[in-house]
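Notes to accompany the following structure.
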Amino acid sequence: MSHFKKLRQQMIDDQLVARGLQDQTVLDALNSVPREAFTPTDLIESAYRDSPLPIEENQTISQPYIVALMTAALELKADDRVLEVGTGSGYAAAVLGEICEHVYTIERYKTLADTAQARLNETGYTNVQVKHGDGTLGWVDQAPFDAIIVAAGGPEVPQTLKEQLAIGGRMVIPVGSSLSLQKLVRVRRLSENEYETEDLGSVRFVPLVGAAGWKE
Ligand code: SAM
């Protein structure tokens, strides 16, 4: 078994399965995506560490466990249309692309969006489309989405994103009044005007900056 494949298998066992994550689709997806291909080259040996890692523009690639937890909370099916806000390195988008045919992801830093798109193409995730822009406004042309994952913490759940959820759709997003500590919530659209919100626990994310997020 190759070096990174071995580290990846250890990550699955020690960080995900050991913490009780049982969703086989999600475990298989994280076991398929080469996280080292989305990690800055100087940190490649730390790619499977049990923590977030710094990337360009002072942003982060999320901890594998958090990516797995949020992905599992989306309850994805292969034909779901998925929107990610906060592409960052492109790693979580690749995990989503392993599970679903149609993945759309938005990043506010052009440098990150371009690098992520190049990495996704190189690793074969041609079913993931990256857009540079403010993800709090969603992606009108591609809505509605069966699942929306927001990888940065905002003061509240953006109304525009709620409106771009399909009925029956799920959104997982960190929210809270602090810039660095949030609670992870799952919002489920029950009907045209009804939404159900569940608390999934405390998390730490970089700020969601945009029209329906924090101001710059
Ligand atoms: N999912 C990423 C990965 O796998 O590497 C990690 C994302 S990082 C924790 C959060 C990202 O959200 C950052 O790259 C940040 O620039 C981006 N971001 C923050 N506010 C945003 C917004 N309004 N629209 C799009 N991206 C945003």
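Numbers at a glance
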quantity	calculated
Cα gyration tensor shape for region 172-216, rounded if a/c is under 1.5, else prolate or oblate	oblate
Anchor Lys131: aspartates and glutamates whose Cα lies under 18 Å away (excluding residues fewer than 8 positions away in-chain)	Glu56, Glu57, Glu84, Glu101, Glu107, Asp114, Glu122, Asp141
Total charge dipole magnitude, region 99-193, about the Cα centre, Cβ charges on Lys, Arg, Asp, Glu only, Debye to nearest 20	320 debye
Degrees separating the helix 110-122 axis from the principal Cα axis of the chain, which is the longest one	60 degrees
Theoretical ellipticity at 222 nm over the chain - DSSP helices of four or more residues, -39500 (n - 2.57) apiece, nearest 500	-7000 deg cm²/dmol
Cross-link reach list, lysines versus Lys5, counting only Cα pairs under 29 Å and skipping chain neighbours closer than eight places	Lys77
Lys, Arg +1 and Asp, Glu -1 on Cβ, resulting dipole of region 3-203 about Cα centre, debye, nearest 20	220 debye
Alpha-carbon centroid distance for the pair region 1-46 / region 121-167, whole angstrom	24 Å
Hits among lysines - C-alpha to C-alpha of Lys183 under 22 Å, sequence gap 8 or more where chains match	Lys162, Lys215
Sum of side-chain charges, Glu163 neighbourhood, beta-carbon under 11 Å (Lys, Arg +1; Asp, Glu -1)	+1
Acute angle (nearest 10 degrees) that the helix 64-73 long axis makes with the longest principal axis of the chain, alpha-carbon atoms	40 degrees
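Here, each number is a calculation from the coordinates, and none is a lab measurement. Every value quoted in this text rests on a predicted model; they were computed, and no experiment measured them. Neighbour counts are summed over all protein chains in view; Cβ atoms, including those assigned to glycine, are modelled from backbone coordinates with ideal geometry.
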